[in-house]
Structures are given as C-alpha cells and as structure tokens.
Amino acid sequence: MATRNRALSLVTAAILLLPICHTVHILETCGFDSIYQLGDSVSDTGNLIRENPSSVYAKLPYGETYFNNATGRCSNGLIMIDYFARSAGLPFLDAYLNENASHGSGVDFAVAGATALSVEILSERESLVTVPDDWSYQETSRQDLNNLSIYHNTHLKKALETLRKEHPNVIIVYGDIYEAYNWILSDAKILGFDAESIQRACCGIGGDYNFNITKMCGVSGVPVCSNPDKSLSWDGAHLTQQAYKFMARWLIYDIYPKLQCQ
C-alpha cells in the first residue's frame, strides 16, 4: 500500500500504442500528494510571463485549445507536467511566481528559457550553442543538436546513478523525453498526426517548416493551423497539446514500474 506524504520531483531538459486506459490515472496508485517541477519552457506553467508580461506566451493563441486563455504554457493547451498531475490525481501545478496560487499540491519552478547554469558560467566554459535562423532544420545543425542531446543524456544517466548510490532510500528514475519524442515521430500516422506535415509548425509562417525566428507564433499576422491535434509542432520550438499528451503517456508507462508504487 502506498504511503502518504510522497512527493514527485521532476526535472526536464531542453533538448506500438500504449494501453491508454491504464496510464491516464495510473500514478494515483503511488499515493503522491505533491509534485515539484524544475525545468524550462517544456514545463513552465506561468513563471516567465510573470517576469515578462509582454512575452508572446502571455497571449493567445497560446493556451487556446484547453484554457481558452494564455497561461504561460508554451503550447496551445496542456503540457506534459499537466498530464503527470492528472495521472497522479492532483491539480495542475501553479507557477511559483503566481502569488494568488495555492501550492498545497506542489509547485512549478520551471521558467521558459532557463538553463541549468547561468549564462555567465556557460559563456566562460564556451558552452553556449549558437543556432542559425533555420536552426534545427539544417541537416548538419540538426545532427549536431541530436548528438548534443545524446551526449547530455548519457552524462545525466551517470549522474543519476551516482545519486542513487548516495541516496539508497530515495527512488530516482530517468524519464527519457528523447526516446518518447522519437516514438511519436516513428508512429505519427498511427497516432493520428498528419504525416505529410510532421515538421511544420501549426502556428507559424514562412519556409518549408512554417517557422521564422524573426516572426514567431503570437506575433500579429502569424496564422494558426485549423486542427492543432493533427500537428506535432506547435510553434517550431514547442509541441502541441496532443503531442505532449502522447509523450506524457509514454513516459508514465515507462517509469511507472520503476517507481515501486504497488
């Protein structure tokens, strides 16, 4: 039987069909009563827009699908942490900077654009990655970024193994977002996405990928596709609610046996 006062801490990094009925609320069996989220734009539920109210994430069409209002989530609706909370039977996490929020069931510390280290330290270590205007869509650049993700994840796994040895009474699991996304890419058509426009942003303008870094989603005159649920990419940098839903289900299904909830 799961004990109470259990907290789920999540850290996310900036980069076969599942038995859906079994994954939607499966984390409820773990007895988590709070979730603490660290991360960047993949998991921000409203911190950046409180630091910068003029951000494009602070206005529609962001949030249009589920909330009918911009909440600071970098998508058209729900993001992965929302599906984790729902699966655990908990309310959606409020942003830490939301002074009117109740944080009784956890809190979201994620901030869009956040890095693990300060920009100054990264600059000193020559660790900043300069991305061209057509960034991930240049073949060489895309491969370099994929290799960087693989390199990062390899070292992250080693670091987590060290933490497990240092804290043997704490359950630490690795959520493989990279593989979850690759699964969606490979089974996009089966999952109901439009395979013909798999790399095109739903909200965007310009070029083969409907993406222009100087005129991004949220800027006046930038159109939104008629059915975001058919698209993987929301704005060229973040995914749609539908894509995040499938990624969250893949991750929950993958990590659940390791959480030792039953």
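Worth pointing out:
The rows are residues; the columns are (1) part of a loop (DSSP other than H, G, I, E, B); (2) touching a helix residue (DSSP H, G or I) at 6+ places or on another chain (Cβ under 8 Å).
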position	(1), (2)
Asn147	no, no
Asn153	no, yes
Thr162	no, no
Ile172	yes, yes
Ile213	yes, yes
Tyr256	no, yes
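- Restricting the first member to region 64-75 and to residues that are farther than 15 Å from Asn52 by Cβ, and the second to residues that are among the aromatic types (Phe, Trp, Tyr) and surrounded by 17 or more Cβ atoms within 10 Å (Cβ to Cβ), the beta-carbon pairs closer than 6 Å and six or more apart or on different chains are Ser75/Trp234.
- Among the residues of region 77-119, the one identified as in contact with a strand residue (DSSP E or B) (Cβ under 7 Å, 6 or more places away or on another chain) and polar (S, T, N, Q) is Ser105.
- Cβ-Cβ contacts under 6 Å between residues 6 or more apart (or on different chains), taken from a first residue in region 236-249 that is at pLDDT 95 or above and surrounded by 23 or more Cβ atoms within 10 Å (Cβ to Cβ) to a second residue that is in a helix (DSSP H, G or I) and of a type in the set (D, E, K, R), are listed as Gln242/Asp229.
- Number of positions in region 189-211 that are within 20 Å of the chain's Cα centre (by Cα) and either part of a helix (DSSP H, G or I) or of a type in the set (Phe, Trp, Tyr) (or both): 2
- Pair list, Cβ < 8 Å and 6+ apart or interchain, from region 160-175 residues that are on the phi < 0 side of the Ramachandran plot to residues that are loosely packed, with under 10 Cβ neighbours inside 10 Å: Leu163/Val170; Arg164/Val170
- When region 109-140 is limited to residues that are at pLDDT 80 or above and either part of a helix (DSSP H, G or I) or among the β-branched types (Val, Ile, Thr) (or both), the one that is farthest from Ser43 (Cα to Cα) turns out to be Thr115.
- Filter result (of a type in the set (Ser, Thr, Tyr), within 17 Å of the chain's Cα centre (by Cα) and farther than 19 Å from Ala112 by Cβ) within region 212-241: Ser231
- When Asn146, Asn153 are screened for being closer than 30 Å to Pro61 by Cβ and surrounded by 12 or more Cβ atoms within 10 Å (Cβ to Cβ), only Asn146 passes.
- Some residue of region 141-149 being at pLDDT below 75 and not hydroxyl-bearing (Ser, Thr, Tyr): yes
- Scope region 204-232; condition hydroxyl-bearing (Ser, Thr, Tyr) and either out of contact with any Ser or Thr (no Cβ under 7 Å at 6 or more places or on another chain) or surrounded by fewer than 19 Cβ atoms within 10 Å (Cβ to Cβ) (or both); matching residues: Tyr209, Thr214, Ser220, Ser226
The values are calculated or read from the model by the stated rules, or taken from the named source; none is laboratory data. All of these numbers come straight from a predicted model, not from anything done at the bench. Backbone-built Cβ (ideal geometry, glycine too); neighbour counts: all protein chains shown.
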